[in-house]
Amino acid sequence: MRLIFAAFAIVIGLNGAPAAHARQLEKSHIEGWLVGAYSNDRTGQFRHCAASVQYKSGTLLLFAIGKDFTWSMGFANTRWKLTPGAKYTLTYYVDSGPHHTARGRALNKNLVQVPLLNSRTLFDSFRRGYRLYVRAAGQRFGFNLTNSSKVLAATLDCTRRYVARTHTTTNPFVAQAPRRSNDRTSERAEAAVLLANVLSAAGIQGFRILPANKLPAKLRSHDAVWASPDLLGTLRIISTTTAATPERLAALLMAADAQSCKGVFASGRYPVQEGSRTARLMTGCSGTTKPIEIHYTIMPRSKGGFYLFAVFGQKGHGDLARDFGTRLYDAAVKASRPR
């Protein structure tokens, strides 16, 4: 049992650094697994949730989901004599599924951490699979994934809970109390002008900016909304109290969209221009009566905070939304350059 808690204390969160000063916030036992939440002991801030189970071989299997929803798995055994910091190439797969090659890193002499792809398909394969296979150093190891569906779902819910607690009062993607109509007058005027300029520069034709006083309730949290015959788009000005960096805002978007999706959720990040301090990402929800793709662009705002552009594609218009999102990003980056 001591190995379990030692391994939990150093399983990484999102930034790739071992949480050497982790404090346990909660723990529970689920179908033979131990699930817990951990914070950075020095800052007190939530870091990650993790789950572990120990096998008769003496090897411990761990999964961790960080506060920005990147995830990893780990293997620990007191009999191993690893070189801390050393990297090991390994291949893993679930049942007869596709093989994935990864680079594991020894966090200490007994524990290897392996980053996992940001893929809903891979996550579901661990949840629904029966057996995990790992090939390393010419050997093959097998791990039964008994009850992994409940455990990984509980670990993800754990991370969502703690992230939501942190951002309850500032998360713009969660329903909030109605504002007075003049609360964001200046922001809406700024957003409407910027949106019209960027859409025109992107070569997007046939759009119209919707009047703020005629927006449906679900769109009133946005500062400007545009529509074309096939697409809908929005622009919102986000303060730094919501997110300090584009990466943090992107993580909030992914988490909020994942939570609201009642079907199959997917997400991904796009490359951005070096030095632009921007972020681009997409989220998608399929397997429902109204599948949707959303393509986001996050831009720094000279007055502070960020501009959040979104292009929504429904009913087979995902490719068009992706194209408009790319053109909008290019135009927004160009517009933000010093003249």
Which pairs have Cβ atoms under 6 Å, sit 6 or more apart or on different chains, and link a residue in segment 234-258 that is closer than 15 Å to THR283 by Cβ to one that is in a helix (DSSP H, G or I) and modelled with pLDDT under 85? ALA255/VAL163
Kindly evaluate VAL272 against the criterion of being in contact with a Lys or Arg (Cβ under 9 Å, 6 or more places away or on another chain) and of a type in the set (A, V, I, L, M). yes
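Could you list, in sequence order, all residues of segment 105-122 that are farther than 24 Å from SER267 by Cβ and not in a loop (DSSP other than H, G, I, E, B)?
Of the residues in segment 105-122, the ones farther than 24 Å from SER267 by Cβ are 105-112.
Result: ARG105, ALA106, LEU107, ASN108, LEU111, VAL112.
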Which of the numbered conditions does GLN259 fail, given that it passes all the others? Conditions: (1) more than 21 Å from SER221 (Cβ to Cβ); (2) modelled with pLDDT under 85. (1)
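Would you check if ALA136 is in contact with a Phe, Trp or Tyr (Cβ under 8 Å, 6 or more places away or on another chain), surrounded by 14 or more Cβ atoms within 10 Å (Cβ to Cβ) and over 21 Å from ALA50 (Cα atoms)?
Details: in contact with a Phe, Trp or Tyr (Cβ under 8 Å, 6 or more places away or on another chain): yes; surrounded by 14 or more Cβ atoms within 10 Å (Cβ to Cβ): yes; over 21 Å from ALA50 (Cα atoms): yes.
So ALA136 fits the description; yes.
In segment 21-46, which residues are on the phi < 0 side of the Ramachandran plot, of a type in the set (D, E, K, R) and modelled with pLDDT of 85 or more? Walk me through how you get there before you give the answer.
Just the residues of segment 21-46 that are on the phi < 0 side of the Ramachandran plot, to begin with: 21-30, 33-43, 45-46.
Still in the running and of a type in the set (D, E, K, R): 23, 26-27, 41-42.
Across segment 21-46, there are no qualifying residues.
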When you scan segment 311-332, do you find a residue that is among the β-branched types (Val, Ile, Thr), in the same structural domain as GLN205 (by TED's automatic domain parsing) and touching a strand residue (DSSP E or B) at 6+ places or on another chain (Cβ under 7 Å), even just one? yes
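The values are calculated or read from the model by the stated rules, or taken from the named source; none is laboratory data. A quick note: this is a predicted structure, and the numbers were derived from the prediction, not measured. Counting neighbours? That spans all protein chains shown, and the Cβs are built from the backbone with ideal geometry, glycine included.
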